[in-house]
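Below: the structure, in structure tokens.
The values are calculated or read from the model by the stated rules, or taken from the named source; none is laboratory data. These numbers were taken from a predicted model, which means no experiment stands behind them. Using ideal geometry, Cβ is built from the backbone for each residue, glycine included, and neighbour counts are taken over all protein chains shown.
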Amino acid sequence: MAAFKQGVILVGHGGIPKDCPQELVSRLKRLESQRCASKQPPSDEEIQLDTTIRRWARTKATDSYQSGLEAVAAVLKPYLAEALFTVAYNEFCAPTLEEAVEDLISQGATSITVLTTMFTPGGSHSQIEIPEILDQLRSKHPGVELRYAWPFDLQLIAKTLAEQLRRFSMAASHLDR
């Protein structure tokens, strides 16, 4: 029996790099929209465009979202003890959630928990797409436990937001003096 090895994936939305031609993104979104309306699988062109955009070279200047998620990941990692850890993106950026799961499995993960930075209920990525992807991956990897740490406790989110407000209110009151 394989030893238990925990993996954690932090998944964020993903952003379009500033230097990526807008016509690539527009064409991708049109193809996605047509596919969803017709309930067909992605076309070769859609897959190629998605891959091109996801693999676009990025820097902090061209993709501040990716830099921001990586900063959150760097602060989170020390809290995860010995767990394998990586980030993933829903769209526009690599790796995909599927790629991140495959990577952790290849490193020996037997249990993977997926966290998202998307806290609010009702979002299509967090409420529909991520669970669907995990369902597909569960059937592909029945020996690996895949958990989704969602939905968030709204009381905890509210407390975090209230604390953020308090911090900034205090900072503002010091400036007013």
Those residues of region 18-46 which are assigned to a helix (DSSP H, G or I) and over 23 Å from the mean Cα position of the chain (by Cα), in sequence order: E23, Q34, A37, S38, D44, E45
Lone qualifier among T52, T62 - being in contact (Cβ under 8 Å) with a residue 40 or more places away in the chain, of a type in the set (V, I, T) and over 22 Å from S124 (Cβ atoms): T62
Count - residues of region 90-120 that are in a strand (DSSP E or B) and either in contact with a Pro (Cβ under 7 Å, 6 or more places away or on another chain) or without any contact (Cβ under 8 Å) to a residue 12 or more places away in the chain (or both): 0
Set E102, E98, E82: member being farther than 29 Å from E32 by Cα and not aliphatic (A, V, I, L, M): E82
Pair list, Cβ under 8 Å, 6 or more apart: region 21-42 residue within 14 Å of W56 (Cβ to Cβ), other residue part of a helix (DSSP H, G or I) and of a type outside the set (S, T, Y): L24/L49; L24/I53; V25/I53; L28/E46; L28/L49; L28/D50; L28/I53
Answer from V114, V144, V75 - the residue that is more than 24 Å from K29 (Cα to Cα) and crowded, with 20+ Cβ neighbours inside 10 Å: V114
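Consider region 47-73. How many of its residues are in contact with a helix residue (DSSP H, G or I) (Cβ under 7 Å, 6 or more places away or on another chain) and assigned to a helix (DSSP H, G or I)?
Within region 47-73, the first condition is being in contact with a helix residue (DSSP H, G or I) (Cβ under 7 Å, 6 or more places away or on another chain), and the residues that meet it are 49-50, 52-53, 58, 60.
Next, only the ones that are assigned to a helix (DSSP H, G or I) stay: 49-50, 52-53.
Summing the residues that are in contact with a helix residue (DSSP H, G or I) (Cβ under 7 Å, 6 or more places away or on another chain) and assigned to a helix (DSSP H, G or I) in region 47-73 gives 4.
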Test: residue in region 34-55 that is surrounded by fewer than 14 Cβ atoms within 10 Å (Cβ to Cβ), basic (K, R) and on the phi > 0 side of the Ramachandran plot: yes
Identity of the residue in region 131-163, among the acidic types (D, E) and more than 19 Å from T96 (Cα to Cα), that ends up farthest from the chain's Cα centre (by Cα): E163
Any chance L137 is part of a helix (DSSP H, G or I), crowded, with 17+ Cβ neighbours inside 10 Å and in contact (Cβ under 8 Å) with a residue 24 or more places away in the chain: yes
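Which residues, taken from region 46-99, are acidic (D, E), within 30 Å of A3 (Cα to Cα) and at pLDDT 95 or above? Can you show your working first?
Taking region 46-99 first, the residues acidic (D, E) are 46, 50, 63, 70, 82, 91, 98-99.
Narrowing further to those that are within 30 Å of A3 (Cα to Cα): 70, 82, 98-99.
If the condition is that a residue be acidic (D, E), within 30 Å of A3 (Cα to Cα) and at pLDDT 95 or above, then E70, E98, E99 are the ones that fit.
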Among the candidates P131, P121, residue that is at pLDDT 95 or above and either surrounded by fewer than 17 Cβ atoms within 10 Å (Cβ to Cβ) or aliphatic (A, V, I, L, M) (or both): P131
